[in-house]
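Structure record follows, encoded as structure tokens.
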Amino acid sequence: PVSAPGPAGGHHGHDFDLVVVGAGPGGYAAAFRAADLGLNVALVERWPTLGGVCLNVGCIPSKALLHAARVIDEAHAAADFGVHFGAPRIDVPRLRDWKDGIVGRMTRSLTTLAKQRKVAVIHGTAKFTGPHELAIDDGAGNRRVSFDRCIIAVGSESVRLPGLPDDPRIIDSTAALELDVPERLLVIGGGIIGLEMATVYDALGTKVSVVELTDGLMPGCDRDLVRPLQKRIAGRYDRILLGTRVAAVEPTADGLQVRFEGAQAVEPQVYGKVLVAVGRAPNGGRIEAGAAGVQVTERGFIPVDKQMRTSVPHIFAIGDVVGQPMLAHKATHEGKVAAEAAAGLKSFFDARVIPSVAYTDPEIAWVGLTETEARVGGVAFEKATFPWSASGRSQALGRSEGFTKLLFDPQSHRVVG
Ligand code: FAD
């Protein structure tokens, strides 16, 4: 929008027109879009590679391992139609390298894309020192970078459970992706991330248990949609304990001894590893946002308007740090909106619905109004379900346990979920 860079590189006397903090799917999308729109952009990232949680320790490595899990399970299931493969020999280091190779290719290509667009990549941890300035610490020292506009895309991190001992056998999703495969694994938290990792470890031969505080798996998803998954894993996993919490974890030489409390509590059990997957917390409280005047909630979320502007109009925020749903495609779309708004375009986040997918086996995907939300909110709807046992395609795949559910507006017959 402006003709030539100012003396300091940006168009308004600052080092950059736009600095994006955090190079996840929100941040890199924003930086690339802004550069395409002619802004002079820097992308700041504390990790050695670009791509954020999603590419490095989230979506992509988990989906690579879930693919391997699917192949293992399908090879086994093929016996049902007379094709026998024998037991798999799993070369864990090779599987790990294959996953890391995929991540490496994806993150390296982001570096190339940044170069092609002349986005300056600055490695280091950024903190605000004023409304137009950041201090970036790269371990060797602090560098000051000034900006005309800024996009905060610092994402989120795994929530830790208070009261657990400090033990390397208690892991989060990042460590779980490293595939140090135990004989018995306890997953604390029956949400999407916990159940996806459970799917991987189950396929690799681990005896998996899941403990979930609420009375159902995958909170937020309609109960009938969860049922086919629950049925399958109930037959495969060691235990699924609902309405139950972990009361204590005690490290012993043989493993972690876990004590349970609640509706389905069992006697103490010993596990080789305990995966804590109880949710993710935003990183908004770690960037001295106050120094720029940016409002942050007590929990670390940064409130934004429909253009992704924070309480300070020239500073935007996107992705996990602005709230639920914490999903990569939401972050990317918000990044595009913020970059366009920062470049002066009239872009708004006006997505009507955001799809969610759990890449478990079976998968569960939903979008729009859920039946649970409709009932809670008193929204009138009509429902149609189609059992996949009636689908030739599903029968041919040997997987007829699922179903499709559509919710309609009773007046307009428009699909609403
Ligand atoms: P992030 O990806 O969290 O990136 C933030 C970046 O900011 C990081 O690189 C971080 O190092 C950097 N940063 C933070 N603070 C600073 C600072 N002060 N200075 C400099 N840099 C900083 N979502 C899906 O849609 N589909 C999936 O299948 C899926 N699977 C997942 C599986 C797992 C195991 C996990 C953990 C998450 C998964 N997610 C998935 C969620 C998805 O990863 C996030 O929603 C997404 O990464 C959020 O993007 P973001 O840009 O907001 O932040």
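Ordered by solvent-accessible area of protein heavy atoms (1.4 Å probe), largest first, the residues Lys207, Lys127 come out as Lys207, Lys127.
Taking all Cα pairs closer than 8 Å and separated by 6 or more residues, the relative contact order of region 89-221 comes to 15 percent. For the residue pairs Lys273/Lys336; Lys115/Lys336; Lys118/Lys306; Lys115/Lys273; Lys207/Lys330, the alpha carbons lie more than 30 Å apart in Lys273/Lys336; Lys115/Lys273; Lys207/Lys330. Backbone phi angles across region 167-172, fed through the Karplus curve with coefficients 6.51, -1.76 and 1.60 (θ = phi - 60°), yield HN-Hα couplings of 8, x, 7, 8, 10, 10 Hz in residue order; Gly and Pro are listed as x.
For a Förster distance of 35 Å, can you work out the FRET efficiency between the beta-carbons of Val367 and Asp97, rounded to the nearest 0.05? It comes out at approximately 0.50.
Annotation: lysines with alpha-carbon distance below 17 angstrom to Lys63 (same-chain offsets under eight excluded): Lys99. Region 312-391 and region 40-107 have Cα centres lying 25 Å from one another. Only Lys, Arg, Asp and Glu carry charge here, each on its Cβ (+1 for the first two, -1 for the last two); on that basis region 225-380 has a dipole of about 280 debye about its Cα centre.
Here the contact order of region 52-146, divided by its residue count and restricted to Cα pairs under 8 Å and six or more residues apart, works out to 18 percent. Largest mean-square fluctuation among Ile90, Ile102, Ile60, in a Gaussian network model of the chain whose springs join Cα atoms under 10 Å apart, belongs to Ile90. Heavy-atom surface analysis with a 1.4 Å probe gives the chain a carbon and sulfur content of 53 percent of its accessible area.
Just checking the listed ones, Leu369, Leu65, Leu327: in the Gaussian network model of the chain with Cα springs under 10 Å, the one fluctuating most is Leu369. Restriction of the trypsin sites (Lys or Arg not before Pro) in region 261-364 to DSSP coil positions whose beta-carbon has at most 15 other beta-carbons within 10 angstrom yields Arg299, Lys306, Lys346, Arg352. Counting only Cα atoms, the chain measures 71, 63, 43 Å along its principal axes, largest extent leading.
Net charge dipole, the chain: roughly 780 debye, given to the nearest 20, about the Cα centre with Cβ charges of +1 for Lys and Arg and -1 for Asp and Glu.
Taking amide H positions as modeled 1.01 Å from N, with prolines and chain starts lacking one, the residues under 5 Å from Val20 and 5 or more places away or on another chain are Ala42, Leu43, Val44, Ile151.
Length, then width, then depth: along the principal axes, the Cα atoms of region 1-105 run 71, 25, 15 Å. Only protein heavy atoms count here; on that basis, with a 1.4 Å probe, Asp138 has an accessible area of about 100 Å². Here the peptides 210-217, 144-151 are ranked by packing, the mean other Cβ count within 10 Å, and the order with the highest first is 144-151, 210-217.
Taking all Cα pairs closer than 8 Å and separated by 6 or more residues, the relative contact order of the chain comes to 17 percent. Could you please state, rounded to a whole Å, how far the C-alpha centre of region 253-300 is from the C-alpha centre of region 168-218? Rounded to whole Å, the Cα centres lie 14 Å apart. Considering only Thr252, Val353, Phe85, the residue lying farthest towards the positive end of the dipole of the chain is Val353, judged by Cα position with unit charges set on Cβ. Per residue, the accessible area of region 28-121 comes to 55 Å² when a 1.4 Å probe rolls over the protein heavy atoms.
A Gaussian network model of the chain, with springs between Cα atoms under 10 Å, assigns the largest mean-square fluctuation among Pro325, Pro162, Pro355 to Pro162. Placing R0 at 51 angstrom, the Cβ-Cβ distance between Lys231 and Arg108 gives a FRET efficiency of 0.75 after rounding to 0.05. Shape analysis of region 272-417 yields a ratio of the Cα radius of gyration to the Kirkwood radius, Rg/Rh, of 1.08. Across region 132-147, coupling constants 3J(HN,Hα) worked out from phi with the 6.51/-1.76/1.60 Karplus curve, θ = phi - 60°, read 10, 8, 10, 9, 10, 9, 9, x, 8, x, 9, 10, 8, 10, 9, 9 Hz, and Gly and Pro carry x.
The values are calculated or read from the model by the stated rules, or taken from the named source; none is laboratory data. Note that the structure is predicted; figures quoted are calculated from it, not measured. Every residue, glycine as well, gets a Cβ built from its backbone with ideal geometry; the counts of neighbours run over all protein chains shown. Remember, those area values only see protein heavy atoms, side chains included, never the ligands or the DNA or RNA. Shrake-Rupley method; radii C 1.70, N 1.55, O 1.52, S 1.80 Å.
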